[in-house]
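Accompanying notes for the structure given below.
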Amino acid sequence: MDEMQVVEFVATYLKKKGFSEAENALQAEIQRTKNNSSSSSSNNNNNAVDVLNDPELSKFFRSLSESEDSPTRYQDEYSKLRSWTYSSLDLYKHELLHVLYPVFIHCFMDLVAKKYIQEARTFFNTFREDHEMLHLRDLQKLEGVLSPSHLEEMEFAHSLRHNKVNIKICQYSYELLLQYLHKTQSTTMLGIINERINFQVSPGQPSTISDDAEVVTLIGSNQDAANQINQKEVRWGLLEDSIENRLEKMGALLSDSEKAEGENKEADMDENKKRTAEGGKQGASVKKLKKDKATSATAKAARPEANATPMAPRVKSELALPVTARIGSNILLCFDMIWFIFLVRPIEVEQSILEDLRNRVQLSSVALPSVSFYTFINTHNSLNCASISHDGSLVAGGFSDSSLKVWDMAKLGQQTGNSVSQGENDTTPSEDVLGANGAKRSYTLFRGHSGPVYSATFNPLGDFILSSSADATIRLWSTKLNSSLVCYKGHNYPVWDVQFSPVGHYFASASHDRTARIWSMDRIQPLRIMAGHLSDVDCLQWHANCNYIATGSSDKTVRMWDVQSGDCVRIFIGHRSMILSLAMSPDGRYMASGDEDGTIMMWDLSSGRCVTPLMGHTSCVWSLAFSGEGSLLASGSADCTVKLWDVTASTKAPKTEEKSGNPNRLRSLKTLPTKSTPVYSLQFSRRNLLFAAGVLSKSL
């Protein structure tokens, strides 16, 4: 190795790293050295370090001079890192395996960025099988990266390139990894890990495999920005004057009055008993019956207090309630200067809700709910969504042929002619009532959309139903008049989800255009537009106090928005795949989210942190629902099961456990399998009966 080679190696290295000033200084020094070489060489040769013949220095200079752009280095070093990881001790292996995926995707993107397209494809196809189980959707997106420009144009790839991955790892696993990288001189892997991964090193033993869902936080949003947003105040309390709150108070007073009335009647029966012996026997039986009723009523009123948790704070709604006018027992509601009469009897409705609340079954880990499952058959793979009214009396299905069908459970099986649908594309009544075989239909058919219907939702009283479609519109239907009332336009792409607010007048929509929008029934244009997600907004859910909505996206994050200002007040990061379902606890403090991989996460809204991940489903979680008092969480999945989870056990974890980072996990109370019916929808009634709906799948 001669002197010119050494100089060339060093110059190449400096140029590669962009050290132009150092390179110029080196060239000037070389020139000056040549000029003075004749006078100084004889004096320095005896004492100088033999740079040219030192094997270690030669090896070092060669490693520096070798082009770090060489694609073979990525392939060789990643292959060695992979082999070393899989051969590690089982105690540390699952932690070290978390490092492979981010290193893999950044090796691929670095090769593409340096225009080694063919080598990048070979590298990608060689090692992709290792990561398909957990990250198949990501890999499918990255498959489309075929040039350096794609790395900037594709938002997913751009986000990966400009954000780090957070990985939790124990101290010993971290030291093992660093020792390996330095020992093998894997400078390329070391550079990627140093630049792209943020290790959260913790003392003690490695995390267990059951903790995997919270170990790795993949990119989707900048963690620092999320932490800053999560500092904002969130008022998670309940509405001050909600219907349930008012009626619960009325129910308690009514129970007390019934008890007093029962005692008075008991005294009267005692007097009758003294007068006649026969009447006495009969009176005694009636007395016992009255006493049992009074005791039962008192117990029902007291049951919520027996299991009472600390009362949630009360807040005022930031949404203005609609102005309604009443004519007799009917309600008038205005839609852009068009007034509709709806046959609603508020007194009867309130009495019905009161009766439901008074007869609510208190659920717990030892008192599980009854389940009523509605199964769709002969849908020919065309059913896209299912929705159940709050009392379970109506079931709706959205289909790929752009139709919306509603079944009345009370009339199911009856051969009546009352299911005539009306709409913009109505057929004649005789054709609409009769099915293909000439028999009368058992459902109400709503036509009006021009694309597949992806979501449907009932308002709290069941008078209206909203549907969203691939035609980028939302339609409001009347279940009383069986007709389309309003068509809402604003989104530019398919609308994946729509949900009524708890008060019923407002609703929110989620779309492929990466936005969520707030609407009111009496306006055809949106009131608010929430923009910030990096990909489709797939699902949404209203907070119990109507002041916030939560949105789940394909960018693997959940965001919570203030409906008054339209600002994002929380970003929840932790899922590894797209979020498909959301649910808010009745007290407004917690939120559950389910993703495509089958993972459910419980979040504390006040802090923005994950309380605990729930592992158990083996496929997409399509629906989540909290019980009426919030003690249980039900989850429905494409794996054809409904799971019940104990919420109380986790949310009441001691503070010492929370500080130690080992919160008490939600435990699965029961798994309810179906034969071959993926669960599309779940809904708890006010009495805590669990309704579920799904479609029979012969392919499973």
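The values are calculated or read from the model by the stated rules, or taken from the named source; none is laboratory data. These numbers come from a predicted model, not from an experiment. Here the Cβ positions follow ideal geometry from the backbone for every residue, glycine too, while neighbour counts run over all protein chains shown. Please note that ligands, DNA and RNA were not included when accessible areas were found on the heavy atoms of the full protein model with its side chains. Shrake-Rupley method; radii C 1.70, N 1.55, O 1.52, S 1.80 Å.
Key figures for this structure:
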| item | result |
| --- | --- |
| Selection status of PHE156, outside any loop (DSSP other than H, G, I, E, B), in contact with a Leu (Cβ under 8 Å, 6 or more places away or on another chain) and within 27 Å of ASP597 (Cα to Cα) | yes |
| Qualifying residue in the stretch 481-494 (condition: part of a strand (DSSP E or B), crowded, with 20+ Cβ neighbours inside 10 Å, assigned by the TED database to the domain that holds SER585 and under 20 Å from the mean Cα position of the chain (by Cα)) | no |
| One residue from SER83, SER58, SER63, SER39 being assigned to a helix (DSSP H, G or I), surrounded by fewer than 13 Cβ atoms within 10 Å (Cβ to Cβ), polar (S, T, N, Q) and modelled with pLDDT under 75 | SER39 |
| Matching entry among GLY588, GLY636 (being out of contact with any helix residue (DSSP H, G or I) (no Cβ under 7 Å at 6 or more places or on another chain), at pLDDT 90 or above and buried (at least 23 other Cβ atoms within 10 Å of the Cβ)) | GLY636 |
| Failed condition for PHE127, given (1) at pLDDT below 90; (2) assigned to a helix (DSSP H, G or I) | (1) |
| Selection count where residues are of a type in the set (D, E, K, R) and modelled with pLDDT under 90, scope the stretch 543-561 | 2 |
| Test for ASP567: is it crowded, with 24+ Cβ neighbours inside 10 Å and either touching a Phe, Trp or Tyr at 6+ places or on another chain (Cβ under 9 Å) or modelled with pLDDT of 90 or more (or both) | no |
| Pair list, Cβ < 7 Å and 6+ apart or interchain, from the stretch 180-193 residues that are not assigned by the TED database to the domain that holds LEU160 to residues that are surrounded by 14 or more Cβ atoms within 10 Å (Cβ to Cβ) | none |
| Qualifying residue in the stretch 525-545 (condition: farther than 24 Å from SER467 by Cβ and either open to solvent by less than 20 Å² (accessible area, probe 1.4 Å) or not assigned by the TED database to the domain that holds SER400 (or both)) | yes |
| Pick from the stretch 497-524, criterion buried (at least 21 other Cβ atoms within 10 Å of the Cβ) and of a type in the set (Gly, Ala, Ser), ranking: farthest from ALA157 (Cα to Cα) | SER501 |
